[in-house]
1. GNM on the chain, C-alpha springs below 10 Å: top fluctuator among Thr281, Thr194, Thr248?
2. Just want the ordering: Met142, Met205, from fewest to most Cβ atoms lying within 10 Å of their own Cβ.
3. Work the Kirkwood hydrodynamic radius out for the range 142-352: mean of 1/r over every pair of different alpha-carbon atoms, inverted, in Å.
4. For the residues Glu308, Glu45, what sequence is obtained by ranking on other C-beta atoms within 10 Å, fewest first?
5. Only Cα pairs within less than 10 Å get springs; with that Gaussian network setup on the chain, which residue of Pro29, Pro117, Pro97 has the largest fluctuation?
6. If the viscosity is 1.567 mPa s and the temperature 4 °C, what Stokes-Einstein diffusion coefficient in µm²/s follows for the range 3-138 when Rh is the Kirkwood radius over Cα pairs?
7. State the percent of C-alpha pairs, over all pairs in the chain, separated by a distance greater than 31 angstrom.
8. Add +1 for every Lys or Arg and -1 for every Asp or Glu among the other residues with Cβ under 12 Å from the Cβ of Gly253, and state the total.
Amino acid sequence: MNLLDSHDTIRAVVYTGETLRLLDQRRLPFEEIHLDCHSAVDVAEAIRNLVVRGAPAIGIAAAWGVVLEARNLAAAGQAVSAQTLEPVLAHLNAARPTAVNLAWALARMRGVLVRAPQDTVMALTTEAQSIQDEDLAANRRMGQLGAGLISAGSGVLTHCNTGSLATAGFGTALGVIRAGVAAGKIAQVYAGETRPWLQGARLTMWELARDRIPAKLIADSAAAHLMKSGAVQWVIVGADRVAANGDTANKIGTYQLAIAARHHGVKFMVVAPASTVDMATLDGSHIEIELRDATELLSVAGKRTVIEGAEAWNPVFDITPASLIDALVTECGVIEQPDARCMREVFSLASHAPT
Ligand code: MRU
């Protein structure tokens with residue numbers, strides 16, 4: 001095993017040939033429990049309830065959800081077609097609104113159905129596997145490209161979980177961190193805890209410990225203080241949707257990190273595959289921000305921390321304007337200071353618009 005492989009051992013979304021087996025991310029880090037999905041409805045529920053989460057991972061899971069449903073239809077002797085599967089595609093697509101990878105993956109599965117191949121189940125299976133394999137390849141490429149931007153001895157801060165748990169494997173921002181650590185470029189990794197669901201504390205810290213990458217957890221509210229200390233040279237985050245002008249939707253708290261980074265002269269890197277780029281959305285103001293249940297904010301680990309009767313507002317994504325982004329890393333290359341013109345040069349509307 002080379003150094004890079006030993007830093008990449010986790011796979012959270014596995015198609016077994018019969019079921020979609022998901023590592024239940026609600027239970028990490030203390031319980032490693034897998035949940036088997038048997039239908040698209042099971043997969044949609046798993047996406048909605050955050051059993052599987054992270055933009056690329058939910059697209060991949062949804063693609064396998066279509067395969068499961070096609071197999072169920074075929075087993076019941078029913079037609080497997082664009083018409084019979086459309087309600088399933090719509091149901092999966094409605095599971096979460098912000099990450100464009102969901103609509104993107106379903107558009108690819110719909111494309112197979114529209115071509116009406118002879119063996120539709122086989123063709124859908126091949127497409128879902130390609131979506132998964134391409135994501136892993138994109139992550140490895142982005143890892144190289146992103147690590148190339150980092151000077152030796154740097155400290156980096158990341159947010160949420162953007163690793164193997166959130167993708168087909170390796171990760172987006174965490175893939176750059178994996179590659180940067182393996183190349184000896186990164187001296188210290190800091191992870192923000194990512195209130196309220198604690199993806200940073202529960203998932204990123206678990207993933208990094210499992211892959212033997214030393215990291216320090218910080219309270220989200222410690223980020224500006226950390227930047228002021230000079231300990232970090234890059235903030236490295238993923239994305240759930242990158243609009244045509246480079247504005248980026250990502251986990252709540254990303255925007256304030258970008259503002260603090262600019263103030264302190266710390267560079268800000270967004271790492272996302274082309275499947276996260278949505279050239280059909282003009283700018284960040286058109287991106288739907290998911291609002292989740294207030295209970296996520298009113299309790300910690302299921303224990304209520306706020307007075308009964310209190311209300312809460314729980315948007316789980318925010319928009320970082322392109323002007324605060326120093327580098328957008330995709331598998332197609334690095335875009336420095338992204339804007340509408342250079343986004344157009346790299347991504348054509350036709351090949352990246354979800355349907
Ligand atoms: O609500 P989540 O946990 O699905 O949000 C995930 C994020 O915001 C990630 O940063 C983003 O999806 C990039 S993951 C490679």
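Computed from the coordinates by the stated procedures, all read-outs in this text should not be read as laboratory data. Owing to the predicted nature of the structure, the values given are computational and were not obtained by experimental measurement. Here Cβ is always computed from backbone atoms with ideal geometry, including for glycine, and neighbour counts include all displayed protein chains.
1. Fluctuation is largest for Thr281.
2. Numbers: Met142 27, Met205 21.
By the 10 Å Cβ count, ascending, the order reads Met205, Met142.
3. On the way: mean 1/r = 0.0579 Å⁻¹.
Averaging 1/r across every pair of different Cα atoms and inverting gives 17.3 Å.
4. Details: Glu308 6, Glu45 15.
Going from least to most buried by this count: Glu308, Glu45.
5. Pro117
6. Working: Rh = 15.0 Å.
Translational diffusion coefficient: 86 µm²/s.
7. Numbers: 19194 of 62835 pairs.
In whole percent, the long-distance tail amounts to 31.
8. Working: positive: Arg195, Lys251; negative: Glu193, Asp220, Asp318.
Net charge in that neighbourhood comes out at -1.
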